[in-house]
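Data block below; observations after.
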Amino acid sequence: MIVSAGQNTICVEAAKARCRKFRRRILEVTKLVQALHIGGAYSCVEIVDTIYFALMRRESDGRSPDTFLLSKGHGCMIQYAVLEELGILPRSELDQFCKGGGILGVHPDYQNPGIEASTGALGHGLAMAVGMAYAEKAKGRDGIVYCVLSDGEAQEGSVWEATLMASSLGLGNLVVFMDNNDFQSLERTSKSHPSFYPVVEKFRAFGWESHEVPGHDSRAIYEAVVSRGGNRPLMVVCRTVKGKGVSYMENVAMWHYRSPSSAEYELAMTELADPS
Amino acid sequence: MRNRFAETLYQCALENPEIYVVVADISPAGSMAKFREQHPSRFLNVGVAEQTMIGICAGLSLKGCQPFAYTIANFSLYRPFEMVRNDLCYQNLPVTVVGMGAGVVYSTLGSTHHTQEDVAVASAIPNLRVLSPCDPLETNEATRYCAFQKEGPVYLRLGKTGEPNLTEGALEPFSFGRIRRIRAGRDTAILGYGPILRMGAAIAERLERERGESVSLVSVHTIKPLDKAGIAAIIGSHRRVVVIEENVPHGGLGSRVKEIAWDMKARADVQCFSLRDEFIHYYGEHEELLRLHGLDEARIYAAITGSP
């Protein structure tokens, strides 16, 4: 099925196949290291895939007038897998993940191929995205800035400083996704911060357009963006599952930062296989 | 000094369309108001939100702009410290963080508004260049450097208002990364940075007048990267070297000059004068607060000459 909404299109079946492939690729990389942030990467696979493959425009030379910034830098395994698929990041680099001599680490580094900003410390990405979106407007360009936050990240005061500024500046070219997987390092976000909910209303109160969507539904993510008003920043709150795609990882806190054993690896590969 | 900065920045902005100014709720008086009027889309007030001020500057820079973050020094460097470190310095972006009213110049506002350790803090971050001009004329030069350079982030440390010009007729021109001899002598060299160099200038004159000494006065406006060779040459050519700085005793110029002197096994007598490593609960004149910190002309003169 193809959904078309003006700027680009999304093919849901192709997105599903890509997302399975990305999860398998991330799983492969776990073999290289003792641990990586697999749970938080799996929860935003569909979000990041939709941004790169359905929303961001591409020139014939592969460059985009749009920008993607992963504020939840610990989820960068999915960004690496996508950049590899796009041919921006050589396969040899992901094979060198966290190895001396390689360029890729646990958090994204500015100036690595396809990486627009160094993130990892939470609460930094949104203000940078606001500056980028403002620059696009001030220079009279039509670039759209896409940014992905985590839900735990919203506990940083800096996120709300930038939230207030983005709407005050009327940044309709800023599109932000919250990977609302309800988990952070220590425990469920809804347990530590029950007052965080409902999320959508909070962003609306700050002058944003905001919608909540099922965060593993590529079409819903896509449609929330392409149907936006466009004169205010947009926050798409994506209901996601930490560790999505592998049964024993889903909603299990220890998969925030861990690599599977051999037996666990085989089981996960089976679950992530393409349907025959 | 801040007026000179604003006027120069205004002029630079006419030449460089990429200059943006992001302030955190600080009054855009004088030339800054002119900048805002002339370039409304290049002036942003984020309000009382310094973390966002720095983050926005990083984002602007990543899109090719040449931003200046501008507010009182404690708010431009301390409050958003991790943003300065990660967003600007780790990414090595040519953003200027302006620390206005640095040191203890806001002497009636209390230590919440002082930056007696800003040079130590800023110098500790990789990639961050630290510039502290000594007078309005040098502020002009330093600002022009910041407005066109593409190398990386700068912490531009300024005073407030009313600083006298010390560099009119200086022996050497301003050059980023080089010490600047304002006047050259053979016996004593006085080194410093920022507006407190005026104290060094007064002591230099007194040494000449009362003791017939030949005195060098040196503006070390670029504290990082430090001109080690230039300082070594000064140490090697004077019998007495005096450092005066409005900064805590550690992590500033004094300790660096001593390191250089030690490494070169210098014979010169090196004496350093700085703020004390303490918060002083005094509310009044800047000069008096400096005196309570041990920075006063008479005391320093007596200490270096051994006179009672």
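The values are calculated or read from the model by the stated rules, or taken from the named source; none is laboratory data. Since the model is a prediction, treat every value here as computed from it, not as a measurement. Cβ coordinates were reconstructed from backbone atoms using ideal geometry, including for glycine residues, and neighbour counts include every protein chain displayed. Just the protein is used for accessible areas: all its heavy atoms, side chains included, with ligands, DNA and RNA removed. Shrake-Rupley method; radii C 1.70, N 1.55, O 1.52, S 1.80 Å.
A few remarks follow.
- Here r is the Cβ-Cβ distance between B:Glu151 and B:Glu15 and R0 is 22 Å; the resulting FRET efficiency, rounded to 0.05, is 0.75.
- Distance between the 7 Å Cα→Cβ label points at A:Ser192 and A:Arg91: 3.9 nm.
- B:Ser61 exposes around 20 Å² of accessible area when a 1.4 Å probe is run over every protein chain in place.
- Reduction of at least 10 Å² in accessible surface, 1.4 Å probe, comparing all protein chains with the chain by itself, residues of segment B:14-59: B:Glu18, B:Tyr20, B:Ser41, B:Leu44, B:Asn45, B:Val46, B:Ala49, B:Gln51, B:Thr52, B:Gly55, B:Ile56, B:Gly59
- Per residue, chain A exposes 38 Å² of solvent-accessible protein surface, assessed with a 1.4 angstrom probe and all protein chains in place.
- Environment charge at A:Thr189 (Cβ cut-off 9 Å; Lys +1, Arg +1, Asp -1, Glu -1): -1
- Summing charges over neighbours of A:Ile38, with a neighbour being any other residue whose Cβ is under 13 Å away from its Cβ, gives +4 when K and R count +1 and D and E count -1.
- For segment A:130-157, accessible area lost to neighbouring protein chains reaches 30 Å² or more, against the chain alone with a 1.4 Å probe, at A:Gly131, A:Met132, A:Tyr134, A:Ala135, A:Ala138, A:Lys139.
- 3J(HN,Hα) from dihedral phi, segment B:282-287, Karplus parametrisation 6.51/-1.76/1.60, rounded to Hz, x for glycine, proline: 10, 10, x, 5, 4, 4
- Once the Cα atoms are used to define both axes, helix B:253-263 deviates from the longest principal axis of chain B by about 60 degrees.
- For the protein assembly as shown, diffusion coefficient by Stokes-Einstein and Kirkwood Rh (Cα), 25 °C, 0.890 mPa s, µm²/s: 94 µm²/s
- Lys, Arg +1 and Asp, Glu -1 on Cβ, resulting dipole of segment A:2-271 about Cα centre, debye, nearest 20: 140 debye
- Dipole check for chain B: with +1 at the C-beta of Lys and Arg, -1 at the C-beta of Asp and Glu, and the Cα centre as origin, the magnitude is about 620 Debye.
- Listed residues A:Arg188, A:Arg57, B:Arg299 arranged by accessible area, highest first, probe 1.4 Å: B:Arg299, A:Arg188, A:Arg57
- Accessible surface of the protein assembly as shown, 1.4 Å probe, proportion on carbon and sulfur as whole %: 49 percent
- When DSSP beta bridges are restricted to pairs lying wholly in segment A:160-276, around 10% turn out antiparallel.
- When all protein chains stay in place and ligands, DNA and RNA are ignored, the 1.4 Å accessible-area order of B:Ser274, A:Ser227, A:Ser43, largest first, is A:Ser227, B:Ser274, A:Ser43.
- Length-normalised contact order for chain B - Cα pairs under 8 Å, 6+ apart - percent: 16 percent
- Chain B - mean residue ellipticity at 222 nm from DSSP helices (-39,500 (n - 2.57) per run, n ≥ 4, rounded to 500): -10500 deg cm²/dmol
- When the helices of chain A are scored as -39500 (n - 2.57) per DSSP H run of n ≥ 4 and the total is divided over every residue, the value at 222 nm lands at -10500 deg cm²/dmol.
- In the context of the full protein assembly, B:Arg2 retains an accessible surface of approximately 70 Å², using a probe radius of 1.4 Å and ignoring ligands and nucleic acids.
- Charge dipole (segment B:2-157, unit charges on Cβ, about Cα centre) - positive-most of B:Tyr106, B:Ala49, B:Ser123: B:Ala49
- Protein accessible surface hidden between A and B, which excludes ligands and nucleic acids, total in Å², probe 1.4 Å: 2100 Å²
- Counting only protein heavy atoms and a 1.4 Å probe, chain B has 38 square angstrom of accessible area per residue.
- Between helix B:50-62 and chain B: long-axis angle, C-alpha atoms, 0 to 90°, nearest 10: 80 degrees
- Selection among B:Ala189, B:Met264, B:Ala298 by position relative to the dipole of segment B:180-305 gives B:Met264 as farthest towards the positive end (Cβ unit charges, Cα centre).
- Net charge over other residues, Cβ less than 13 angstrom from the Cβ of B:Ser237 (K, R count +1; D, E count -1): +4
- Segment A:57-68 - phi-based ³J(HN,Hα) in whole Hz, Karplus 6.51/-1.76/1.60, Gly and Pro as x: 7, 10, 7, 4, 8, x, 6, 10, x, 9, 10, 10
- A Gaussian network model of chain A, with springs between Cα atoms under 10 Å, assigns the largest mean-square fluctuation among A:Leu122, A:Leu32, A:Leu69 to A:Leu32.
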